[in-house]
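Following: one structure in structure tokens, then a few remarks.
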Amino acid sequence: MAAQVDHAALFAATPSPYLVLGPDLMIVDVNCAYLEATGRTREDLVGQHIFQAFPDNPGDPAADGVQNLNASLHRVLTTRRPDTMALQKYDIPVARRPGEFEERWWSPVNTPVLGPDGRVAWIIHRVEDVTAFVKAHKAAHPTDIRVGKRLDVTESLEAELYARARELQRLNEELRQAHTREREVAITLQEAMLHAPDLAQHAQDVAVRYLPAVGSLNVCGDWYDVVDIPPDRLALAVGDVIGHGLEAAAVMGMLRSALSAAIRALERPAQALEVLGLYARSIDGALGTTAVKAIVDRRSRLITYSSAGHPPPVLLHADGRCELLDQATDPPLGARPQHVPRPQASIPYQPGDTLVLYTDGLIERREEDIDTGLDRLTGVLAECSRLGAEQLADTVLASLGMASGGRDDVALIVVRL
């Protein structure tokens, strides 16, 4: 069943100022925005004749607000069609100050509401307060506008544009608030999909970062994962699904979960990526995904890794020397028509070394060779070999201009070995 709409509540909350008149021009209703614009209360207005509530300013001999509004309202009653008035100077009484008036300029529209018999049952009088615009125009062009003189057509159009601009400003603010709410939901979703429980055991030696592309809702296709494999191995992974947004994030969630499960069941990173590749063939949008899987064996001090078309991890030695883990690289998931075992390689490390895994958003730049990006990354790392994992992660992002995000998503893992 359709939801019941409380039209009275909708009218009261409408952000533009509205007054409802009967055919006798008595005020029968008013919304909150109108009360705010005029500084009145409902008790001040409802039941009053509109020109009793808002007479002409006796201190302005050129005042014609009552005359012009009255003519417009009677056109509505006669034609039963909306009537848009020209920009109108119509001073209003100052609340609680008898006999005192305040200069106001308005952009009014009067719209009929027809009853069952086809006659005008009510008139909706909508106004936009453009006083600020007119006063600013007066200050800038003191000879163009005299008290009591109407603005010409061009100036009226400018004022109407000003009124529309104010309305757009309000709508933009509502959109910003809606975007903020959507972003909060998106952040919660992304955090849930990237949740790695084993990270809690590595607060001192592992740092992870996730930065969505600038302008995105915070849900994208890059991921990281950290998994403890008892008794003394640590499995690490980063991956990158093609595309951005919810669709890419959904694919990412499925692939990340599959790879995390595979590495727990299989001994070798290459085997886990083989399983992931087969699984990717059954998921729309998964083909072309890149990923790298590495296992750190603390007992043998050996890093074993395999890559599916992904940029190479970097082993940063304590002396600042960098080694790229690029000896076990294969095409992205689903790139080959036939299943082929993936390569795997190992490299020893020493206590005090640091392993860095990342996605291509960290190093790739438009119209630039990827080797340039790799050189830039290793150059930054070489100067940071003594930093802890958290500080190193922040320093890398800042040095590469990614602290506030970039054109592409970035996932980063830094492990102090």
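The values are calculated or read from the model by the stated rules, or taken from the named source; none is laboratory data. Bear in mind that the values here come from a model prediction, so they are computed numbers and not experimental data. Cβ: placed from backbone, ideal geometry, glycine included. Neighbour counts: every protein chain shown. SASA here: full protein model, heavy atoms, side chains in, ligands and nucleic acids out. Shrake-Rupley method; radii C 1.70, N 1.55, O 1.52, S 1.80 Å.
Two-decimal Rg/Rh of the range 331-376 from alpha-carbon positions, Kirkwood Rh?
Values: Rg = 15.4 Å, Rh = 14.3 Å.
Here Rg/Rh amounts to 1.08.
Would you give the gap between the C-alpha center of the range 1-60 and the C-alpha center of the range 93-124, rounded to a whole Å?
7 Å
Could you check the spin-label model distance between Ala345 and Gln327? Points 7 Å from the Cα along Cα→Cβ, value in nm.
Here the answer is 0.6 nm between the modelled labels.
Name the residue farthest towards the positive end of the dipole of the chain from the options His195, Leu87, Thr111, assuming +1 on Cβ of Lys and Arg, -1 on Cβ of Asp and Glu, about the Cα centre.
So the residue we want is Thr111.
Along each principal axis of its Cα atoms, how long is the range 227-266 end to end? Whole angstroms, biggest number first, please.
38, 14, 12
Obtain the nm distance between the two label points defined at Asp375 and Ala139 by a simple spin-label model: each point lies 7 Å from its Cα along the Cα-to-C-beta direction.
5.6 nm
With unit charges on the beta carbons (Lys and Arg positive, Asp and Glu negative) and the dipole taken about the Cα centre of the chain, which residue among Ser385, Tyr210, Gly99 sits farthest to the positive side?
Final value for the positive-end residue is Gly99.
Set the Förster radius R0 to 60 Å, insert the Cβ-Cβ distance between Thr14 and Ala203 as r into 1/(1 + (r/R0)^6), and round the FRET efficiency to 0.05. Let's see the in-between values first.
Numbers: r = 52 Å, r/R0 = 0.87.
The value I calculate is 0.70.
Dipole size in debye (nearest 20) for the chain around its Cα centre, Lys and Arg Cβ +1, Asp and Glu Cβ -1? All intermediate terms of the calculation are to be shown ahead of the outcome.
Numbers: 41 positive and 57 negative charges, 87 e Å.
For this selection, approximately 420 debye.
Dividing the Cα convex hull volume of the range 70-134 by residue count, how many Å³ per residue is that?
Values: hull volume 6.5 nm³, N = 65.
So the per-residue Cα hull volume is 100 Å³.
What translational D, rounded to a whole number of µm²/s, comes out for the range 1-40 from Stokes-Einstein when the hydrodynamic radius is the Kirkwood one over Cα pairs, at 25 °C and 0.890 mPa s? Working shown, then result.
Working: Rh = 11.2 Å.
Taking Rh from Cα pairs, D becomes 219 µm²/s.
What is the helix-to-structure angle for 245-265, meaning the angle in degrees between its Cα long axis and the longest Cα principal axis of the chain, kept from 0 to 90 and rounded to the nearest 10?
30 degrees
Tally Lys/Arg at +1 and Asp/Glu at -1 over every other residue whose Cβ is under 13 Å from the Cβ of Pro82; what's the total? Before the final figure, lay out each step's value.
Values: positive: Arg75, Arg80, Arg81, Arg126; negative: Asp83.
Residues close to Pro82 contribute a combined charge of +3.
Report, in degrees rounded to the nearest 10, the 0 to 90 angle that the Cα long axis of helix 269-280 makes with the longest principal axis of the chain.
The helix 269-280 is inclined about 40 degrees to the chain.
For the chain, set up a GNM with springs between Cα atoms under 10 Å and report which of Gly309, Gly22, Gly285 has the largest fluctuation.
Evaluated over the chain, the most mobile residue of the options is Gly22.
Would you kindly find the accessible area of Thr41, with a 1.4 Å probe and non-protein molecules such as ligands, DNA and RNA excluded, rounding to the nearest 10 Å²?
Result for Thr41: roughly 50 Å² accessible.
From the residues Leu278, Leu259, Ser300, which one has its Cα farthest along the dipole of the range 251-304 in the positive direction, the dipole being from +1 and -1 charges on Cβ of Lys/Arg and Asp/Glu about the Cα centre?
Ser300
Loop-only check: which trypsin sites (Lys or Arg not before Pro) in the range 350-417 are DSSP coil with at most 16 other Cβ within 10 angstrom?
Those that pass, being in a loop and sparsely packed, are Arg365, Arg366, Arg386, Arg407.
In the range 240-291, which trypsin sites (Lys or Arg not before Pro) are in a loop and have at most 13 other Cβ atoms within 10 Å, using DSSP for the loop call? Kindly include the intermediate steps, with their values, before the conclusion.
Numbers: sites: Arg256, Arg264, Arg281; in loops: Arg281.
Hits after loop and neighbour filter: Arg281.
Candidates [x] 19.7; [y] 26.1; [z] 32.0; which is the computed mean projected area of the Cα convex hull in nm²?
After the calculation, the listed value that fits is [z].
Could you state the angle between the C-alpha long axis of helix 370-382 and the longest principal axis of the C-alpha atoms of the chain, as a value from 0 to 90 degrees rounded to the nearest 10?
Once rounded, the angle reads 80 degrees.
Add -39500 (n - 2.57) for each DSSP H run of 4 or more in the chain, then divide by its residues: what number comes out at 222 nm, to the nearest 500 deg cm²/dmol?
-11000 deg cm²/dmol
So how much accessible area does Phe133 have, in Å² to the nearest 10, using a 1.4 Å probe?
40 Å²
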